[in-house]
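Heads up: the structure comes next, in structure tokens.
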Amino acid sequence: MERTVPTTASEEIDLFQRTYYSLLRTTDEVQIRSLVESYTHVRSALHARVGDSALDVDALVYTSLRLPSCIIQVRLIVMSPSEREFKRGGYPNVGQWKSVAAPGRRRRVRYDNQETLAAFIASRADIDDLIPMLTAYQIEWNKAHQKLYNSRIVDQLAACASTRSGLDEVLRQDIRDVLDLSEEDLGRLEAVWRGDTAETLLAMARQRKRFAVRLLSGAHVDYRRAIKGWWQHITSSIQTPLGDRAVYFVSSNPHSLVNLLVGYPLRQEEDLIRFVETGEDPDLLEEYRSIQQEEVPSNRENFLYYVAKKYHATAAGKPSRLACIAELYGSGVTHVESAHHLDVEAQVIELCALRPEWMDPRIRMDGLELLTDSDAVILNIDYPLGLAAYHILTEITSGIGDLRGLYIQGKAATLNGRVGDVMVPGVVHDEDSKNTYLFHNAFTASDVNRYLIYGTVLDNQKAISVWGTFLQNREYMDVFYREGFTDIEMEAGPYLSAIYEAIEPERYPVNEIIDLHRAPFEIGILHYASDTPFTRGRTLGRHLSYYGMDPTYACSVAIVRRILELEIRAVKQGVGRRNAAHRR
């Protein structure tokens with residue numbers, strides 16, 4: 001069969017990757033400055049002004065969201081798949097280091113409160129994500145240093161940082177003048193850095209950033225060992241043996257499926273609205289008033305789910321959060337936090353224990369009462385990063401019973417749509433394996449469109465799974481765009497490689513067109529657009545906020561409805577009753 005996509009990526013991207021992988025073989029530290037030249041030649045679509053003296057605020061915002069706030073003190077980043085490898089590499093107490101997180105990237109990261117960050121990696125995708133991000137951040141930091149060093153505002157920044165009083169209007173104007181920023185761009189940086197804007201700018205003013213990195217271990221077996229430890233932690237934490245159960249696998253997030261199936265926030269509407277009206281979260285109150293005044297279209301259920309997440313994070317919301325956890329457990333939901341390995345939470349949901357009257361109205365249907373005779377479970381994991389998806393699904397498929405459906409929901413960049421649109425691919429090209437996968441997607445536009453308020457659903461799309469978000473440039477994307485590949489993400493290809501190995505007696509091949517239409521279980525993939533790299537929209541790097549709940553829940557509703565429909569049918573046919581003795 002004739003190939004429909006090119007088999008080589010941009011030469012500049014390839015050179016940059018080969019450069020940092022060759023350097024990371026050393027047992028010593030690798031200085032990020034040694035990568036700046038080859039990185040600059042990449043001309044990443046996310047870092048269009050990399051060679052300018054002016055700040056690239058888009059790139060600085062994007063990287064700041066995906067690195068923990070302590071990054072301003074960090075000099076050395078050490079990478080390894082597990083605590084065992086950290087100990088072998090000379091870091092025996094990593095488990096006692098402070099756990100830190102970034103708002104825009106899930107990764108297990110620990111900080112020694114001095115200058116070293118320990119990043120747990122689950123595949124080479126983490127390296128392809130971290131190295132370009134650190135390089136981009138250092139470049140933009142040092143641009144700011146050039147402008148701020150010995151400037152008239154250093155003393156003002158120091159005074160502001162010491163009192164943590166926030167930027168006054170005079171200082172804000174001075175910052176804009178020195179850094180040549182618009183009011184909007186300074187506002188974006190303040191939103192990302194939250195209350196640490198003065199502290200961050202002061203650190204930039206005082207010294208250049210000189211990151212160094214060390215890769216302690218990164219062999220294929222190290223990743224597999226870490227994934228195995230992750231899976232063993234999950235199976236030992238649940239009371240439901242999965243080896244002989246029917247399973248619907250979902251890769252999504254830890255909140256949308258359980259909200260839809262158990263619906264706790266819907267029964268707490270009065271308390272949640274009272275919390276909004278207190279004004280404790282001004283942005284939330286503003287959104288609520290806009291919805292009330294019909295300035296923006298809205299969905300009641302989505303808004304309550306959004307509020308509940310914020311309310312449960314407050315001290316006042318703790319009793320409600322505990323009550324929610326109790327109701328989830330009573331409804332057959334077991335939530336397993338990740339520990340010691342990759343930062344991927346998991347949930348096991350027993351369909352027989354669900355209460356139809358508690359479900360979100362959008363997923364209610366005839367026959368739900370039959371689920372009491374079901375032996376099936378939903379295994380939902382928080383979507384991983386890149387190649388970790390391959391390792392995870394390979395481990396899972398070897399440890400579960402009958403896989404009845406596999407559903408993937410995640411963010412993507414779109415080359416032909418807008419932020420908030422949903423893409424439904426039927427073809428996926430994987431840049432790691434160079435394979436192009438053809439499959440029947442369980443979903444069409446009509447399955448999602450009826451639940452989407454803001455965006456558009458684009459089915460019959462072609463997706464490409466790339467190495468990392470920064471490892472794309474305009475020329476690279478142009479090549480695939482001309483071939484009709486408009487959906488750019490990182491996990492679908494690795495998942496499909498694992499599916500190949502689940503149904504074939506061999507490891508996935510390389511550089512082939514692979515037809516998965518005969519898979520014995522259905523495959524559903526839904527991507528919602530969070531970036532538009534061709535237009536460099538101002539949404540780049542921002543939180544999707546309540547607006548982002550729209551495509552998230554539209555996709556989740558479609559997935560849950562599909563699972564419930566299939567399982568009701570299975571129970572009617574007697575398939576789901578075979579192991580009903582496993583019910584709680």
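Each value in this text was obtained by applying a stated rule to the coordinates, not by laboratory testing. On a predicted model such as this, the values are computed, not experimentally measured, just so you know. Because the Cβ atoms are built from the backbone with ideal geometry, glycine has one as well, and the counts that use them run over all protein chains shown.
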**OP:** Rounded to the nearest 10 degrees, what's the angle between the helix 197-206 long axis and the longest principal axis of the chain, both from Cα atoms, 0 to 90?
**Re:** 50 degrees
Subject >> Fully extended contour minus Cα-Cα distance, from ARG300 to ARG210, at 0.36 nm per residue >> reply: 27.6 nm
Subject >> Label-point gap, in nm, between ARG482 and ALA323 - each point 7 angstrom along Cα→Cβ >> reply: 6.1 nm
**OP:** Filter the trypsin sites (Lys or Arg not before Pro) in segment 436-477 to those in DSSP coil with at most 13 other Cβ atoms within 10 Å of their Cβ, and list the result.
**Re:** ARG450
Original post:
In nm, to one decimal, how far is the GLN146 label point from the GLN173 one, both placed 7 Å along Cα→Cβ?
Top reply: 2.8 nm
Original post:
Ranked by Cβ crowding within 10 angstrom, fewest neighbours first, how are HIS255, HIS41 ordered?
Top reply: HIS41, HIS255
Subject >> Theoretical FRET efficiency, 1/(1+(r/R0)^6), r = Cβ-Cβ of SER446 and ARG194, R0 35 Å, to 0.05 >> reply: 0.25
Subject >> Nearest 10 degrees, 0 to 90: helix 282-292 Cα axis against the chain principal axis >> reply: 50 degrees
Original post:
Using +1 on the beta carbon of Lys and Arg, -1 on that of Asp and Glu, and nothing else charged, what's the dipole of segment 220-577 about the Cα centre, debye to 20?
Top reply: 60 debye
Original post:
Using the Cβ atoms and a cut-off under 9 Å, what net charge is assigned to the surroundings of ASP56, where Lys and Arg are +1 and Asp and Glu are -1?
Top reply: -1
**OP:** Would you give the gap between the C-alpha center of segment 233-253 and the C-alpha center of segment 435-507, rounded to a whole Å?
**Re:** 26 Å
Original post:
Using alpha carbons only, how many degrees (0 to 90, rounded to 10) separate the axis of helix 124-148 from the longest principal axis of the chain?
Top reply: 30 degrees
**OP:** Sorted from largest down, give the three principal axis spans of the alpha carbons of segment 158-198, whole angstrom values.
**Re:** 26, 19, 14
Original post:
Hey, with R₀ at 35 Å, roughly what FRET efficiency would GLU369 and ARG75 work out to, going by the Cβ-Cβ distance, to 0.05?
Top reply: 0.05
**OP:** Could you tally up the Lys pairs in segment 220-577 with alpha carbons closer than 29 Å? Skip any pair fewer than 8 positions apart unless they're on separate chains.
**Re:** 9
Original post:
Order of 411-418, 526-533 by packing, highest average Cβ count within 10 Å first?
Top reply: 526-533, 411-418
Original post:
What Kirkwood hydrodynamic radius do you get for the chain when you take the inverse of the mean 1/r over all pairs of distinct Cα atoms, in Å?
Top reply: 25.2 Å
Subject >> Antiparallel content of DSSP bridges confined to the chain, in %, to 5 >> reply: 35 percent
**OP:** Report, in whole Å, the centroid distance computed from the Cα atoms of segment 349-391 and segment 105-164.
**Re:** 40 Å
**OP:** May I ask you to give the average projected area over all directions of the convex hull of the Cα atoms of segment 1-116, in nm² rounded to one decimal?
**Re:** 10.3 nm²
**OP:** Show me 27-38, 45-56 ranked by packing, highest mean number of other Cβ atoms within 10 Å first.
**Re:** 45-56, 27-38
Original post:
Rounded if a/c is under 1.5, else prolate if a/b beats b/c, else oblate: with a ≥ b ≥ c from the C-alpha gyration tensor eigenvalues square-rooted, which is segment 235-352?
Top reply: prolate
Subject >> Within segment 437-460: backbone nitrogen closer than 19 Å to the ASN416 label point (7 Å, Cα to C-beta) >> reply: 437-449, 455-460
Subject >> Residue-count net charge about SER123 - beta-carbon cut-off 12 Å; Lys, Arg +1, Asp, Glu -1 >> reply: -3
**OP:** Please work out how much length the chain gains when fully extended from GLU357 to ARG289, using 0.36 nm per residue of separation minus the C-alpha to C-alpha distance, in nm with one decimal.
**Re:** 21.5 nm
Original post:
How big is Rg to Rh over segment 11-215, alpha-carbon atoms, Rh as the Kirkwood inverse-mean-distance radius?
Top reply: 0.97
